[in-house]
Structures are given as structure tokens and as C-alpha cells.
Amino acid sequence: SVGRNKRSSLSLLYSEDELRQHLAKQQISLGDYSAALSLLNQDQHWFGRLLIATSGASQRDGSLNIQLTYSRQFSVLLPQLLLRNSERFLLRQLYANLVNCNAQGDISPDLAHHWHCDAEAKVYRFKVRPQLQFHDGSRIDADKIVNLFKALKQHPQYQQELSHLASVSALNSLTLEFRLSQSDRGFAGLLADPKYAIQPESQLQKNVLSDKQVVGSGPFALLSHNTERIHLRANPYY
């Protein structure tokens, strides 16, 4: 009521749960997912519902942010596995190829800064950038990449595509050579596919059912991967 010595009543229009959900939705729109979960007392059910409600594109701090919801757990992020498009997007953050290829078919450098083939397109040479490292700190050089492709040639998922790969060898620590049994002018483009991303050769034998932690070579390293989140960190050696 208006006036001195008048009594007023304050009515709460939201229950405590409704208020928490309202504030959590605001935190999600700001990109602070940890704060949102804290407000919801770690309730994954309500957190998921609010993620769906706030999905889409938004402007935040001058950047365009796209938030998508995913209704299932992410698979282990390994190039040799059959992955969904959303998982292939994450794969490209974790791994790098010798070269990249855009939608127009133009080849550009990635881990290899230069490459060329002979007139018959049967011999390809790639020169790898120096001082490259896998996310575990081990060096990426021509020998490591040669070992990987020798193992890929024997892998069931790659045998058909690499049936014309006669040999792969390291000419020096930063130069590797592919020799093909038949002409293939699209071979460099083939190596740009995410399934040919550079990884430690030993990872081809990884037990994908028990361990989701992987070692990549790309712009981001995987810190953790569990049922709730995938946590990435920028790789300073990319």
C-alpha cells in the first residue's frame, strides 16, 4: 500500500525450481554452462531441456555462436571409425591431415607445407612442416607417418582405397614418398579425407570400448571425454 506506515505484501510469482530454471536459461544464453548446471543442482534432465529450448545461433561478444543439442553420447573420436557428421566435425578439430581439400577440390597445406607428383601421377612426395608434435608431446616426422600408412594399408577399412599404394617410404625426416601401381591424380585429395588424419600408428589398435582418450595432431587436444562432455584445449604446436 502507498503511504507512510502502510503495510505492503510481496508475492513470489515463481517457485524456487522455476526461478532456478529461469536463471539457468540466462546463463546458458551467456555460454556459462557450468553456472547453469550449478543453478540446476547438476540436474542433467532439466539442463538438457533448457539446451533444446536455447538452441540456435546467437551473437555473443561480437562473435556468432551456434549451439546444437545432441541426443546421444559421442563415439570415440578415431579417424578409422565410421562417425556421424557432427562427430566428424570434432574429428577435424582433434586431427590434421597432410593436406586439406575444399568443396571446389582445391588442395591446400596442412601438416605438409609442400607436395608434388610426377607426370604420370604415380609418385607423390610430401614435405612435412618441422617441429610438429602429437598431443602427447611426441614428434611428428616422416617415419611416424610412413608407419601409420603402412598400417592403414593393412586395415580392413582402408584396403580397397589403398589397393594401388605400392609403397610408402621416408626419404628424410621431413619428406615422405608414396608410390602407386596406377595413375591417380586425385590421390592428394584422398589424403585430405578425415579418415586419413595423422595419428600415432599404435592408436589403430586402440580398445575403443574402454578408453575414449585419444592422441591427435590437430588444432585442439582432447583433455577429457566422458558421458557428459568433451573438453578440448588449443594445441600450441599445431
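The values are calculated or read from the model by the stated rules, or taken from the named source; none is laboratory data. Everything numeric in this text was worked out from a predicted model, so none of it was measured. Heads up, the Cβs are rebuilt from the backbone with ideal geometry, glycines too, and the neighbour counts pull from every protein chain shown. Quick note on the areas: whole protein, heavy atoms, side chains included, nothing else; ligands and nucleic acids left out. Shrake-Rupley method; radii C 1.70, N 1.55, O 1.52, S 1.80 Å.
Restricting to the range 210-238, name every residue that is surrounded by fewer than 17 Cβ atoms within 10 Å (Cβ to Cβ), assigned to a loop (DSSP other than H, G, I, E, B) and in contact with a strand residue (DSSP E or B) (Cβ under 6 Å, 6 or more places away or on another chain).
Within the range 210-238, just Y237 meets the criteria.
For the range 94-146, what are the residues that are over 20 Å from F187 (Cα atoms) and within 19 Å of the chain's Cα centre (by Cα)?
L94, L132, Q133, F134, H135, D136, G137, I140
Can you name every residue in the range 19-70 that is under 22 Å from the mean Cα position of the chain (by Cα), closer than 15 Å to R229 by Cβ and open to solvent by 50 Å² or more (accessible area, probe 1.4 Å)?
Scanning the range 19-70 gives D32, Y33, S34, L68, T69, Y70.
Is it the case that some residue within the range 105-117 is buried (at least 20 other Cβ atoms within 10 Å of the Cβ), small (G, A, S) and under 16 Å from Y238 (Cα atoms)?
Scanning the range 105-117 turns up at least one residue that is buried (at least 20 other Cβ atoms within 10 Å of the Cβ), small (G, A, S) and under 16 Å from Y238 (Cα atoms).
So how many residues does the range 81-105 have that are out of contact with any strand residue (DSSP E or B) (no Cβ under 9 Å at 6 or more places or on another chain) and over 25 Å from Q205 (Cβ atoms)? Break it down stepwise before answering.
Quick first cut of the range 81-105, residues out of contact with any strand residue (DSSP E or B) (no Cβ under 9 Å at 6 or more places or on another chain) only: 81-89, 91-92, 95-96, 103-105.
Next, only the ones that are over 25 Å from Q205 (Cβ atoms) stay: 85-86, 89, 103-105.
Number satisfying all stated conditions: 6.
Looking only at residues in the range 159-202 that are over 25 Å from A103 (Cα atoms), at pLDDT 95 or above and hydroxyl-bearing (S, T, Y), which one is least open to solvent (accessible area, probe 1.4 Å)?
Ranking the candidates gives T175 first.
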